[in-house]
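Engineer: Submitted below is the structure of interest, expressed as structure tokens.
A short reminder: the numbers here are calculations on the coordinates, not readings from a lab. What you see is a predicted model; the values in this text were computed from it and never measured.
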Amino acid sequence: MLKWILTLVLAIFLLGLIAPHLARFIRFGQLPGDIAVRFRGRSYHFPFATTLLFSLLLWLVSRLV
């Protein structure tokens, strides 16, 4: 249990450090597969591809730890 908590904390910490720098290149939230809808003057974002990418990265980090 402690290993999973440590992995999760480490992954969130690393993602918080790396995401602003990678956002310029990858454009998180604007990948193909992410849906943006405007309805009654509001924008709704459904980042399906970004969620899959983050899940894959988290899985890889958990495998390495």
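Engineer: For every helix of n ≥ 4 consecutive DSSP H residues, a contribution of -39,500 (n - 2.57) applies; sum these over the chain, divide by its total residues, and give [θ] at 222 nm rounded to the nearest 500 deg cm²/dmol.
Structural biologist: -22500 deg cm²/dmol
Engineer: Shifting gears a bit: Once the piece of chain linking Val65 and Leu14 is laid out straight, how much longer is it, given 0.36 nm per residue of separation minus the C-alpha distance between them?
Structural biologist: Full extension of this stretch gives 17.0 nm more.
Engineer: When the scattering of the chain is computed by the Debye formula from its Cα atoms alone, each counted once and equally, what is log10 I(q)/I(0) at q = 0.27, 0.29 Å⁻¹?
Structural biologist: -1.14, -1.20
Engineer: Helix 2-26: angle to the longest alpha-carbon principal axis of the chain, degrees 0 to 90, nearest 10?
Structural biologist: So the helix axis and the longest Cα principal axis differ by about 40 degrees.
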